[in-house]
1. Give me the one-decimal nm value for the distance between modelled label points at residue A:70 and residue A:116, 7 Å along each residue's Cα-to-Cβ direction.
2. Going by alpha carbons, how many degrees (0 to 90, nearest 10) lie between the helix axis of B:130-142 and the longest principal axis of chain B?
3. Which order do B:66, B:134, B:145 fall in if you start with the one that has the fewest other Cβ atoms within 10 Å?
4. Dividing the alpha-carbon Rg of the protein assembly as shown by 2.2 N^0.38 Å yields what?
5. Roughly what angle does helix B:91-101 make with the longest principal axis of chain B, taking Cα atoms, 0 to 90 degrees, to the nearest 10?
6. Reported to two decimal places, what Rg/Rh ratio describes the range A:140-282 when computed on Cα atoms with Rh from the Kirkwood expression?
7. With a 10 Å Cβ neighbour count serving as the proxy for reagent exposure, in which order, fewest first, do A:156, A:126, A:59 appear?
8. From the square roots a ≥ b ≥ c of the eigenvalues of the alpha-carbon gyration tensor of the range B:13-149, which class results: rounded (a/c under 1.5), prolate (a/b over b/c), or oblate?
């Protein structure tokens, strides 16, 4: 059932995200060509204005893609599960967990795709700016190998580097998951109210943010008092070596990962509870 | 326990207010039941509880022996009192959606009804009038071979000619082994289609009786008897 929900969620969101990302790629090409045109110097004022507009459109396109992916994540949960469409969705032969996970998985996928497309659009812009020959790809590979050789000399293996990258990637993914659940939990709790559901959702969002900040400050204060913070940042004041810095980055990645995991788990409970026990469709 | 739907001591409260209080009822297969009551009597609350859209405060509600959940939702076909279909979809896309999620969805039956109602498969829901959307929603509900049909105000917003057609559609298309519960306050329009009625008021069941019994014992139509019971 989760697979079918994901399929339909992609269908519902794809009709918005695919054109947005398509337009972004198109504007990146136009922006690349515009910069190239402006570089040539002697062009008409009108052409300058048009070229400037294309460059601005690309910048707006990047911002729009990020904003739309976030707005879509929030609005799909709200409209599809908490407004009239909720009558349809909550009476499907599925359970609440599958409904929530389908929204989470698809939102995360669009965030990842949006980030990748933004990177690709920058690449496209550079490509159309001066042609592929202007980008020295062998330089990138060479630099990477040199960095690895340097790290190996300092006692950091290739495997450790990949592991750290993987840890940061997982931490980034879990942070995105926690952010989605922050919105979902707030909306789910806010809609348990009989009236002014949107207002209560906003208040719940603010309440959750404050609660997490207080808890985090408490944990940090506890760590400082117990000396754990000193252990965590061991060697920082004494200009750490590469190996120590690597170990510290490893701890930061794992700490972020653990924090996001706890935050996600905590926020998942009110999200499901609100939809399961407190559902109050208008 | 032989009923498709069983309620025992079912209560639903919102704070101090009881929307439903100590509801006990049993609905047998093959019956078309009218859930009748004035506005705010608890009809929609009962139907929402049957669909798992609300959770009972106390008591028990069972559909084919199961509490509302994924299993019961697979055998209950529900028509809400409002249009709930995603506006961006076309009639064909919403049929694909139903076919994907409901194993008992009969696409041929739905297509046939679409033609009879004069609806175009390719038309987007947002382009449809309110009446067309209501018809489409009814078609989707009645195209399932469900065990229990829960129809909340199915004729509320349509003209009298369409009302007759909708009632005919309901009666002609429901699975004979299933039960149909029609919630409405337009009693005269549905009376001919009903086997049984449940009168509900202020969250209490006032009466559950066969339509013929009301006619025989009181010498009145259900509509006339309802007016007598709920006289202001």
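1. Inter-label distance under the simple model: 2.2 nm.
2. Approximately 80 degrees, to the nearest 10.
3. By the 10 Å Cβ count, ascending, the order reads B:66, B:145, B:134.
4. Numbers: Rg = 30.2 Å, N = 514, 2.2 N^0.38 = 23.6 Å.
Dividing the Cα radius of gyration by 2.2 N^0.38 Å gives 1.28.
5. It works out to around 60 degrees.
6. Rounded to two decimals, Rg/Rh equals 1.15.
7. Result, fewest neighbours first: A:59, A:126, A:156.
8. Here the range B:13-149 falls in the prolate category.
The numbers here are math on the coordinates, done by the rules we state, and not lab data. Predicted, not measured: the structure shown is a model, and the values here were computed from it. Note that we place each Cβ from the backbone using ideal geometry, even for glycine, and neighbour counts take in every protein chain shown.
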